[in-house]
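**Q** Before I ask anything, let me first share the structure, which is written out below as structure tokens.
The values are calculated or read from the model by the stated rules, or taken from the named source; none is laboratory data. Given the structure is predicted, the values throughout are model-derived calculations rather than measurements. Methodologically, a virtual Cβ is constructed for each residue, glycine included, from the backbone with ideal geometry; neighbour enumeration extends over all protein chains shown. Side chains included, ligands, DNA and RNA excluded: accessible areas come from the protein's heavy atoms. Shrake-Rupley method; radii C 1.70, N 1.55, O 1.52, S 1.80 Å.
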Amino acid sequence: MSTSGDPANPDLESFREQWRAEVRARQPATAGPSNQPQHQQQHHNHHQHNRATPPSSAAGGATSSHPRLGGHPRSQPPPPTHKPPVLKDYEDDYVQPRTFDEPAAAASAGGDGDAVPGSGPSTATPKEPVSALEHYEKAVEREAAGSLGDSLRLYRKAFRMDDRVDQQYKNKHFPKVAAKAAAASQGQLVAGGAGPSSTTPAKPLTMKELIRSFAGLAIEPAQPEIEGMPQPPCPIASLPDEILVHILQDVAVLDVGDYVRLTRVCKRFAFLVATEDRIWRRICLGSEWGFGGMYNHWQLGISGEPLSMEDLLREAEAEAEARAQARAESGAGVSSEDDEEEFDDGPIILTLGERSEKHAQERAATTLSLFRSSVYNSSWQRMFRLRPRVRFGGCYISTVNYLRPGQGATTQYTWASPVHIVTYYRYLRFFRDGSVLSLLTTNEPADVVHHLTKEKAALHTKNANPHLPGSVMQSVLKGRWRLAEADESGITASGSKLSPTDIEGDVVVETEGVMPKYIYRMDLSLRSSGGGSKGAVGMSRNNKLVWRGFYSYDRLTDDWAEFTLKNYKPFFYSRVKSYGVMGE
């Protein structure tokens with residue numbers, strides 16, 4: 001830059017003089033040109049010092065404002081430009097809404113930071129955190145995603161900038177006092193109608209009372225866009241309830257989520273969705289989303305092949321033994337040849353079609369018997385919400401973190417040995433035909449869930465096609481699943497017998513082993529997680545799988561071995577929209 005004066009522009013000359021004065025005044029606090037080699041030698045130490053210095057520090061002000069004058073910027077450098085920004089968008093989707101959208105080619109090809117369509121309300125690439133609160137919020141997100149290394153680094157930086165940043169986070173995201181004051185003022189306005197002069201708060205309506213108040217309402221057409229113009233036509237408002245219920249039932253069979261979201265359209269739809277028990281009965285008894293597709297017997301072989309005659313014979317023998325044991329426990333004896341024919345304990349081998357029809361009738365009978373129980377109070381909607389069931393519209397993900405001691409560099413003297421934080425993931429995706437895919441990998445969910453399909457598993461069988469994007473599926477294990485039966489987990493550790501509603505939540509998964517002679521068996525239990533207590537309305541249902549046992553079976557020696565569950569974590573359900581409505 002030229003330093004000669006410019007008489008035609010006195011403002012520019014005045015600015016240059018002022019800038020030179022500031023630089024000369026700050027030279028004693030920064031490294032001069034003669035110290036440049038020493039500064040290059042201590043690059044790492046100086047960088048760590050700048051990371052620990054708060055933004056208000058006067059010593060680092062010149063280096064952060066003018067990086068070209070020497071020193072290093074206090075903030076972390078931006079991510080590499082060659083990394084596609086679409087991965088970061090998916091990562092944020094996984095942390096907050098727990099849903100995965102299909103990859104957007106336009107966002108990854110453009111590289112201009114556009115957001116992925118449908119991934120969230122944000123339309124730009126998230127900026128790097130600056131304040132202590134922003135670092136703390138980012139650390140919470142990274143911890144929820146399982147990246148403990150990044151979260152620890154962000155936590156340290158946030159507390160160095162402000163040692164009370166955790167209180168700021170609580171006050172921002174969990175404002176208890178503000179919420180109580182707002183609720184009190186709202187109650188006063190509703191009760192008095194004129195202002196804070198009224199002291200008697202209005203009693204809020206319960207959910208049942210609110211739904212009953214919608215009974216006599218009709219579907220109202222939309223208001224005209226221009227005042228004074230006639231209302232636009234609304235054909236659905238003139239339909240009788242019989243046809244309207246039939247339409248809603250077809251929507252519910254296609255997607256229960258869309259059916260429930262119809263309550264946001266109008267109060268009439270909210271009343272029908274909440275009170276029309278015929279639709280909820282169809283959902284519960286059907287195999288699309290309900291308990292008609294919850295199998296208590298194997299439907300396929302471990303690799304997805306149909307059941308063999310040996311499998312059918314083994315199942316028939318087990319059922320015959322169960323019948324004999326049940327009759328022995330009940331004390332029923334055999335007194336004549338007619339009774340012996342009636343209580344024949346021999347195995348009854350059925351064809352696949354007869355077996356499927358028999359099990360479907362058993363599932364329907366079990367559902368109808370539980371409908372009258374005190375747990376569900378003769379409510380099909382309550383049964384669908386509370387009864388354990390496997391979900392097919394996404395996959396279950398387990399994030400595992402553990403510490404591994406490292407070794408320091410031989411050329412340096414350190415006071416402590418480094419510690420590595422190892423993170424890996426387990427994926428389980430269930431299918432309606434009774435098959436399952438199991439994957440153990442270090443790849444993050446955004447890079448895996450869209451490839452967790454049967455087509456990709458067949459494409460990459462035996463390490464085939466390693467050059468394709470879905471090569472992560474080379475280590476996928478095929479398997480099968482079913483719900484546990486009463487004779488498998490009907491007794492607790494104390495010896496007491498469980499009720500049918502307590503046993504239903506147990507899931508048995510069998511997959512291939514790393515070698516052909518092995519079979520892996522996972523014993524899991526369906527649970528619910530989320531805000532609220534047990535039975536709360538806003539609580540997420542059947543979105544968690546906890547471990548009960550993990551075993552390995554050797555086909556050659558007929559031996560079982562048990563794996564330790566020390567570092568294993570529960571699976572959490574994540575919706576993946578690219579799987580489609582039916583999750584196939």
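**Q** Go through the range 369-391 residue by residue and tally those that are open to solvent by less than 10 Å² (accessible area, probe 1.4 Å) and at pLDDT below 90.
**A** 1
**Q** Another question about this same structure. Quick one: in the range 298-334, which of the residues that are in contact with a strand residue (DSSP E or B) (Cβ under 6 Å, 6 or more places away or on another chain) and within 17 Å of H359 (Cα to Cα) is surrounded by the most Cβ atoms within 10 Å (Cβ to Cβ)?
**A** L300
**Q** Could you look through the range 483-516, keep only residues that are modelled with pLDDT of 70 or more and within 23 Å of V375 (Cα to Cα), and pick out the one that is surrounded by the fewest Cβ atoms within 10 Å (Cβ to Cβ)? Before you say what the answer is, go through the steps one by one.
**A** The first filter runs over the range 483-516 and keeps only residues modelled with pLDDT of 70 or more, leaving 483-485, 504-516.
Still in the list and also within 23 Å of V375 (Cα to Cα): 483-485, 504-507.
Numbers: L483: 21, A484: 19, E485: 16, E504: 23, G505: 20, D506: 20, V507: 23.
The selected residue is E485.
**Q** Further question on the same structure: Hey, among T351, T366, which residue is within 30 Å of G257 (Cα to Cα) and either at pLDDT 80 or above or touching a helix residue (DSSP H, G or I) at 6+ places or on another chain (Cβ under 9 Å) (or both)?
**A** The match here is T366.
**Q** If you don't mind, another one. Of everything in the range 277-295, what is part of a loop (DSSP other than H, G, I, E, B) and open to solvent by 30 Å² or more (accessible area, probe 1.4 Å)? Give them in sequence order.
**A** Going through the range 277-295, the residues part of a loop (DSSP other than H, G, I, E, B) turn out to be 286-290, 294-295.
Matches in the range 277-295: S287, E288, W289, Y295.
**Q** Also, I was wondering about something else. What number of residues within the range 357-404 satisfy the criterion of being of a type in the set (S, T, N, Q) and within 30 Å of V448 (Cβ to Cβ)?
**A** 3
**Q** Further question: Where in the range 124-229 are there helices (runs of 4 or more DSSP H), lying wholly inside it, with at least 3 residues that are surrounded by 14 or more Cβ atoms within 10 Å (Cβ to Cβ), modelled with pLDDT under 70 and out of contact with any helix residue (DSSP H, G or I) (no Cβ under 8 Å at 6 or more places or on another chain)?
**A** Hits in the range 124-229: 176-192.
**Q** Is it the case that R268 is without any contact (Cβ under 8 Å) to a residue 24 or more places away in the chain and out of contact with any strand residue (DSSP E or B) (no Cβ under 9 Å at 6 or more places or on another chain)?
**A** Answer is no for this residue.
**Q** Can you find a residue in the range 417-434 that is over 27 Å from F550 (Cβ atoms) and of a type in the set (G, A, S)?
**A** So far as the range 417-434 goes, yes, one or more of its residues are over 27 Å from F550 (Cβ atoms) and of a type in the set (G, A, S).
**Q** Sort out which residues of the range 392-405 are without any contact (Cβ under 8 Å) to a residue 40 or more places away in the chain and surrounded by 10 or more Cβ atoms within 10 Å (Cβ to Cβ), and write them in order of number.
**A** L403
**Q** Now for a different question. Name the pairs whose Cβ atoms lie under 8 Å apart, with the first residue in the range 505-525 and over 15 Å from V390 (Cα atoms) and part of a loop (DSSP other than H, G, I, E, B), the second open to solvent by 20 Å² or more (accessible area, probe 1.4 Å) and of a type in the set (A, V, I, L, M, F, W, C), and 6 or more positions between them or separate chains?
**A** That search, which allows pairs on different chains as well, returns G513/L477; G513/I519; K517/L556.
**Q** Could you say whether any residue in the range 260-275 is touching a helix residue (DSSP H, G or I) at 6+ places or on another chain (Cβ under 9 Å), surrounded by 15 or more Cβ atoms within 10 Å (Cβ to Cβ) and over 20 Å from A218 (Cα atoms)?
**A** Among the residues of the range 260-275, not one is touching a helix residue (DSSP H, G or I) at 6+ places or on another chain (Cβ under 9 Å), surrounded by 15 or more Cβ atoms within 10 Å (Cβ to Cβ) and over 20 Å from A218 (Cα atoms), which makes the answer no.
**Q** Now, a different point. Is there a residue being surrounded by 16 or more Cβ atoms within 10 Å (Cβ to Cβ) and closer than 26 Å to G505 by Cα anywhere in the range 230-252?
**A** Yes, because at least one residue in the range 230-252 is surrounded by 16 or more Cβ atoms within 10 Å (Cβ to Cβ) and closer than 26 Å to G505 by Cα.
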